[in-house]
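Right, one structure below, let's go through it.
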Amino acid sequence: MKKFYGVKIESQMMLGTSQYPSPSILVSCFKKSKASVATVSLRRESGGNNSGKSFWSIIKDLDVKILPNTAGCYSVKEAITTAHMARDVFDTKWIKLEVIGEEDTLQPDVFGLVEAAKILTEDGFQVFPYTTEDLVVAEKLLNVGCEVLMPWGSPIGSGQGLNNIFGLKALRAHFPDIAMVVDAGLGLPSHAAIAMELGFDAILLNTAIAKAGDPVTMAEAFSHAIISGSLGRKADPMEPREMASPSTPVFGKAFLE
Amino acid sequence: MNIIVNGEDKEISNTKLHEVLIELGYTGKKLATALNGNFVSIEDRENTALSEGDKIEVLSPQQGG
């Protein structure tokens, strides 16, 4: 398994911590899925409220790697300031860099993303850029120092799955040695299995589990799907054929006419 | 002195950022701060003086995807 900035993760599932019906269900989802990385954010704290403190006490007990995000940032400055604040609080160089460019699709502003990634990398951050499957953007992100790419499957929270399999295949083929995580838009375990079969190194998801009718069972289902897809990739699948080919030997068949 | 903290008007008596946080009940260690849109590290709060009308953001770990 590829490393993420030199770090080997225990499982190929990264899991968000948002929108669960309750904190105990969040914890159960992490346990059942065996997710190795948790994404977290920074939001306004009310004085004396200590909501951040109680949330953090839950997360630190999960014993997983922490990946803070810059979710909701629409400008380079906002994303950079948020990244610095996250490093101060979470004591990690990892940052899931989101610079959003469009409100309806939450599509990354890839121009701002490259600019912010360059600044943060030069400042010692290890950037996980939330990007599209665009090859040119990927190359620019790598050129400014990113060692991991996080292409979207489809818009955040949409559950649509992999909207551009051709583009994702091309991205994987062009940069075979780069650690890549399909992030966002997955809705079903089969989406995750397909992404792993395409050769991606990990999956990051949140809404598909948190908003399922039974989040804990869905967490387990995604866990199995990610393992299945990964094993399927390793097993070197057969090439598809245009026509049928009998799997039962023709030789030795009785003549019964 | 009047400042704005997380979008709300606050009247404070202290002037240094680290003192103001305590004054307003922010006692946890897991807090990140920005002054007028610029990051202020934990170490720098002690030397950061506030002025009338300053805008402070105080953030803490929360759910994220």
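The values are calculated or read from the model by the stated rules, or taken from the named source; none is laboratory data. Note that the coordinates shown come from a computational prediction; the quantities given were computed from them, not determined experimentally. Positions of Cβ are backbone-derived with ideal geometry, glycine not excepted, and every protein chain shown enters the neighbour counts. For the accessible areas, the whole protein counts, side chains as well, though only heavy atoms, and no ligand, DNA or RNA atoms are used. Shrake-Rupley method; radii C 1.70, N 1.55, O 1.52, S 1.80 Å.
One line per residue, one yes/no per condition, for (1) within 13 Å of chain A (Cβ to nearest Cβ); (2) within 11 Å of the chain's Cα centre (by Cα); (3) charged (D, E, K, R):
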position: B:I3; (1), (2), (3): yes, yes, no
position: B:D9; (1), (2), (3): no, no, yes
position: B:I12; (1), (2), (3): yes, no, no
position: B:V20; (1), (2), (3): yes, yes, no
position: B:Y26; (1), (2), (3): yes, yes, no
position: B:A32; (1), (2), (3): yes, yes, no
position: B:G53; (1), (2), (3): no, no, no
position: B:S60; (1), (2), (3): yes, no, no
position: B:Q63; (1), (2), (3): yes, no, no
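If you scan the range A:66-83, which residues turn out to be crowded, with 20+ Cβ neighbours inside 10 Å, assigned to a loop (DSSP other than H, G, I, E, B) and more than 7 Å from chain B (Cβ to nearest Cβ)? Once the filter is applied, which keeps residues that are crowded, with 20+ Cβ neighbours inside 10 Å, assigned to a loop (DSSP other than H, G, I, E, B) and more than 7 Å from chain B (Cβ to nearest Cβ), the range A:66-83 yields A:T70, A:C73.
Of all residues in the range A:38-65 being away from every other protein chain (no Cβ under 12 Å) and either in a strand (DSSP E or B) or in contact with a strand residue (DSSP E or B) (Cβ under 9 Å, 6 or more places away or on another chain) (or both), which is least open to solvent (accessible area, probe 1.4 Å)?
Initial filter on the range A:38-65 (away from every other protein chain (no Cβ under 12 Å)): A:61-65.
Right, trim to either in a strand (DSSP E or B) or in contact with a strand residue (DSSP E or B) (Cβ under 9 Å, 6 or more places away or on another chain) (or both) and you get A:62, A:64-65.
Values: A:L62: 16, A:V64: 33, A:K65: 78 Å².
Step by step, filter the range A:38-65, then rank; the result is A:L62.
Quick one: would you say A:E102 is crowded, with 20+ Cβ neighbours inside 10 Å and over 14 Å from B:L59 (Cα atoms)? So A:E102 does not fit the description; no. Screening the range A:157-257 for helices (runs of 4 or more DSSP H) wholly inside it with 3 or more residues that are at pLDDT 95 or above and open to solvent by 100 Å² or more (accessible area, probe 1.4 Å) returns the ranges A:165-174, A:215-234. Only one of the numbered conditions (1) in a loop (DSSP other than H, G, I, E, B); (2) under 30 Å from A:L204 (Cα atoms); (3) open to solvent by less than 70 Å² (accessible area, probe 1.4 Å); (4) of a type outside the set (A, V, I, L, M, F, W, C) is not met by B:S51, and that is (2).
Check the range B:32-39 and report whether any residue there is closer than 24 Å to A:K77 by Cβ and assigned to a loop (DSSP other than H, G, I, E, B). Checking the range B:32-39: at least one residue is closer than 24 Å to A:K77 by Cβ and assigned to a loop (DSSP other than H, G, I, E, B). Could you tell me which residue of the range A:143-156 is farthest from A:V110 (Cα to Cα), considering only residues that are within 13 Å of chain B (Cβ to nearest Cβ) and open to solvent by 30 Å² or more (accessible area, probe 1.4 Å)? The residue in question is A:I156.
The single residue among A:E122, A:E133 that is more than 21 Å from A:L15 (Cβ to Cβ) and surrounded by fewer than 18 Cβ atoms within 10 Å (Cβ to Cβ) turns out to be A:E122.
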